1. Collect the residues in region 66-75 that are in a strand (DSSP E or B) and of a type in the set (A, V, I, L, M, F, W, C), keeping them in residue-number order.
2. Answer yes if at least one residue in region 15-33 is surrounded by 15 or more Cβ atoms within 10 Å (Cβ to Cβ), of a type outside the set (Lys, Arg) and at pLDDT 80 or above, and no otherwise.
3. For region 76-114, name all the residues that are more than 21 Å from LYS39 (Cβ to Cβ), in contact (Cβ under 8 Å) with a residue 12 or more places away in the chain and part of a loop (DSSP other than H, G, I, E, B).
4. Only one residue in PRO47, PRO63 is under 30 Å from LYS27 (Cβ atoms) and assigned to a strand (DSSP E or B). Which one?
5. Being at pLDDT 85 or above and either in contact with a Ser or Thr (Cβ under 7 Å, 6 or more places away or on another chain) or among the basic types (Lys, Arg) (or both): is that true of ARG65 here?
Amino acid sequence: MDHCNQCLSYGMSDHAALMHACRTQPKQLISMYKSLLQKCSPGGQPPESYNLLLTREHMVLVPRRKENVGSVAINALGFAGTILVNSKAGLEYIQDQGPIKILEAAGCPWQKSA
């Protein structure tokens, strides 16, 4: 099943489901995680690949189409603003394509419900 077009957003992003998680207890965090995963799981099938980012105030689940874009591997740090490379070729690829284009290629945009 194609998760790229069927996930509904809780938050403000076109690419991620976001929940406010400030001062949340562990059981509540697990419940929030399951809720985000369900929002991105049409027909009960969770995305095959996703990144989960946590801060003291937010939880973000970002479904991915693919892990690698060109010669660059995209993990949760990429969606938090830090794309790591292990070669000069990877750095040149990011400089040529631009980080936003790379993240868009890795992520799954979806159409928001009316």
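The values are calculated or read from the model by the stated rules, or taken from the named source; none is laboratory data. Being a predicted model, the structure only gives us computed values, none of them experimental. So basically every Cβ, Gly included, is an ideal-geometry build from the backbone, and we count neighbours across all protein chains shown.
1. Matches in region 66-75: VAL69, VAL72, ALA73.
2. yes
3. ILE83, VAL85, SER87
4. PRO63
5. Judged against the criteria, ARG65 is a match.
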